[in-house]
Amino acid sequence: MTTVLEGGITEVLGFLAAGVRAGIKRRGLDIMLIVSEDGPVTAAGAFTTNLVKGAPVIVTSKNIRRGKLGAIVANSGISNVFTGARGLRDARRMAQLTARLLKLRPYQVGVASTGLIGAFLPMRKVEAGIRAAVKELSNSREASLNAAKAIMTTDTTPKEIAVQIELEDGTPVKIGGIAKGAGMISPRMKTATMLAFVVTDVSITPDALRAALQPAVDESFNMVNIDGDMSTSDMVLVMANGRAKNRRITLEKKDEEFCEGLKFVLTELAWMIAKDGEGATHLIEVLIKNAKNSEEARMAARAVAGSNLVKAAVFGKDPNWGRIACALGYSGATFDPSKISIELVSERGRVDLVVKGKPASKRALERARDLLRSREIEIHVDLAQGKACATSWGCDLTYDYVRINSKYTT
């Protein structure tokens, strides 16, 4: 059973958080810090597969190979990407300073950055912000919220969640997370910038945590498509301190309840990111049913959710099912066009757009236009090919998206 709690990462005992303003961006909090009170604990991560990787991704993906982290520090406003040797020095300096202040080793600190590409970090401000964040560390509800706010860029709202689950051995375990992302999001992360930081009190080995994280990422963040652009800085980090004192989870002794709980948290954060897409007026959820296999279901779902033509149609409240069929056709999924069905669902009801290859009537299309007035839109597709399912999330493509991204550096 999954119980959603109030708050975010500080709901998990043993973790402190802070979010402060250092002046890296024009306004708002911009330095985030998460710290384990127990020192270095089990950790795992997933990172962008973009060939152009930010300096923090390079540094953190190396640090986490040891399977332990004691803290995570992040800044917003500047992503420290395409900054060469100086960028790497700055990312390492963030880890070094954080480690010194917290009595850790630099390789026990995860570093993340989000914002403008190609600019150098103002390290005096960053360092002052890290020092301030250390002094502000707290397990309060406000501390988690401030941490979530400090990693925002074009986000309009902070994103956080905490849950309590029960493991297979009956032990209650908490999982809390924060995330950011609104644009430049089409992740492909392995072993919008999209950043997510998750903490839990479960007892688990590093290998088992990595094994639980990747499938959860694949079914959550990797199924979000805001604009088709893969960020250079995507990162998910998880820290587990073992305070729950459950039977230790290992590769040999897995716990499906924990895996499902972790996937739930990441999926909720992914949903929040899709809903807060840059300039978005509609959340789009695409459910593919009866695909040939799981991979084809995922390809089809992502293609529809990521189609700019589908996004534009939803924005214009135009039930253009042909654009959905088109996206399915180039997705790589196997199906017979004469057998597929497409249904539109919202809080205002549901309507069939295509039934076993036959297009809807004009009356049905008028009904569909009314459904598209809802803030959250679901597109259900039956490929009539097998039994596999997949869900992807995206948002509509609006005038504001163009406005926001035409002025990002100014």
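The values are calculated or read from the model by the stated rules, or taken from the named source; none is laboratory data. Model, not experiment: these values are computed from the prediction. With ideal geometry, Cβ positions are generated from the backbone for all residues, glycine too; neighbour counts draw on all protein chains shown. Ligands, DNA and RNA are stripped out before the accessible areas are found, and what is left, the full protein with its side chains, is counted by its heavy atoms. Shrake-Rupley method; radii C 1.70, N 1.55, O 1.52, S 1.80 Å.
Go through the stretch 246-259 residue by residue and tally those that are open to solvent by less than 90 Å² (accessible area, probe 1.4 Å) and either of a type in the set (A, V, I, L, M, F, W, C) or not in a loop (DSSP other than H, G, I, E, B) (or both).
If we filter the stretch 246-259 for residues that are open to solvent by less than 90 Å² (accessible area, probe 1.4 Å), which is where we start, we get 246, 249-251, 255, 257-259.
Still in the running and either of a type in the set (A, V, I, L, M, F, W, C) or not in a loop (DSSP other than H, G, I, E, B) (or both): 249, 251, 257-259.
The total comes to 5.
Return the residues of the stretch 318-351 that are in contact with a strand residue (DSSP E or B) (Cβ under 8 Å, 6 or more places away or on another chain) and more than 16 Å from I288 (Cβ to Cβ); say none if nothing qualifies.
P319, S346, E347, R350, V351 - these are the residues of the stretch 318-351 that are in contact with a strand residue (DSSP E or B) (Cβ under 8 Å, 6 or more places away or on another chain) and more than 16 Å from I288 (Cβ to Cβ).
What number of residues within the stretch 307-320 satisfy the criterion of being part of a helix (DSSP H, G or I) and surrounded by fewer than 23 Cβ atoms within 10 Å (Cβ to Cβ)? Step through it out loud before you land on a result.
At the first step, the residues of the stretch 307-320 found to be part of a helix (DSSP H, G or I) are 308-315.
Narrowing the set further to residues that are surrounded by fewer than 23 Cβ atoms within 10 Å (Cβ to Cβ) leaves 308-309, 312-313, 315.
Number satisfying all stated conditions: 5.
State whether the residues of the stretch 70-77 include one that is open to solvent by 10 Å² or more (accessible area, probe 1.4 Å), over 17 Å from E136 (Cβ atoms) and under 21 Å from the mean Cα position of the chain (by Cα).
So far as the stretch 70-77 goes, yes, one or more of its residues are open to solvent by 10 Å² or more (accessible area, probe 1.4 Å), over 17 Å from E136 (Cβ atoms) and under 21 Å from the mean Cα position of the chain (by Cα).
Given (1) open to solvent by 10 Å² or more (accessible area, probe 1.4 Å); (2) under 16 Å from P122 (Cα atoms), identify the lone condition not met by K53.
(2)
If you take the residues of the stretch 370-379 that are in a strand (DSSP E or B) and open to solvent by 20 Å² or more (accessible area, probe 1.4 Å), which of them is farthest from A300 (Cα to Cα)? Walk me through how you get there before you give the answer.
Going through the stretch 370-379, the residues in a strand (DSSP E or B) turn out to be 376-379.
Of the ones still in play, those that are also open to solvent by 20 Å² or more (accessible area, probe 1.4 Å) are 376, 378.
Numbers: E376: 20, E378: 14 Å.
The qualifying residue farthest from A300 (Cα to Cα) is E376.
Please go through (1) in a helix (DSSP H, G or I); (2) β-branched (V, I, T); (3) at pLDDT 95 or above for V217 and return the number of the only condition it doesn't satisfy.
(3) is the only condition that V217 fails.
Within the stretch 322-337, track down each residue that is β-branched (V, I, T) and under 16 Å from N225 (Cβ atoms). Don't jump to the end; show me each part of the working.
Narrowing the stretch 322-337 to residues β-branched (V, I, T): 324, 334.
Within the stretch 322-337, I324 is the sole residue that qualifies.
Pick out the one residue from A240, A291, A274, A300 that is within 24 Å of V4 (Cα to Cα) and at pLDDT 95 or above.
Values: A291 fails: within 24 Å of V4 (Cα to Cα); A274 fails: at pLDDT 95 or above; A300 fails: within 24 Å of V4 (Cα to Cα).
After applying the criteria, what remains is A240.
If you go through the stretch 321-369 one residue at a time, how many are more than 17 Å from C389 (Cα to Cα), among the small types (G, A, S) and outside any helix (DSSP H, G or I)?
6
Which residue, of K263, K311, is modelled with pLDDT of 95 or more and not aliphatic (A, V, I, L, M)? Quick ask: steps written out before the conclusion?
On the way: K311 fails: modelled with pLDDT of 95 or more.
Only one candidate passes the filter, namely K263.
Within the stretch 120-157, restricting attention to residues that are modelled with pLDDT under 95 and out of contact with any Asp or Glu (no Cβ under 8 Å at 6 or more places or on another chain), which residue is surrounded by the most Cβ atoms within 10 Å (Cβ to Cβ)?
Going through the stretch 120-157, the residues modelled with pLDDT under 95 turn out to be 152-157.
Those left that are additionally out of contact with any Asp or Glu (no Cβ under 8 Å at 6 or more places or on another chain): 152-153.
Details: M152: 26, T153: 24.
The extreme case among them is M152.
Looking at the stretch 82-118, which of the residues that are at pLDDT below 95 and not in a strand (DSSP E or B) is least open to solvent (accessible area, probe 1.4 Å)?
G118
Would you mention how many residues in the stretch 60-69 are open to solvent by less than 10 Å² (accessible area, probe 1.4 Å) and of a type in the set (A, V, I, L, M, F, W, C)? Write out each step before concluding.
Within the stretch 60-69, the first condition is being open to solvent by less than 10 Å² (accessible area, probe 1.4 Å), and the residues that meet it are 60, 67, 69.
Narrowing the set further to residues that are of a type in the set (A, V, I, L, M, F, W, C) leaves 69.
Residues flagged as open to solvent by less than 10 Å² (accessible area, probe 1.4 Å) and of a type in the set (A, V, I, L, M, F, W, C) within the stretch 60-69 amount to 1.
If you check K275 against the conditions, is it touching an Asp or Glu at 6+ places or on another chain (Cβ under 9 Å) and within 22 Å of I161 (Cβ to Cβ)? Before the answer, list the steps.
On the way: touching an Asp or Glu at 6+ places or on another chain (Cβ under 9 Å): yes; within 22 Å of I161 (Cβ to Cβ): yes.
Criteria met by K275.
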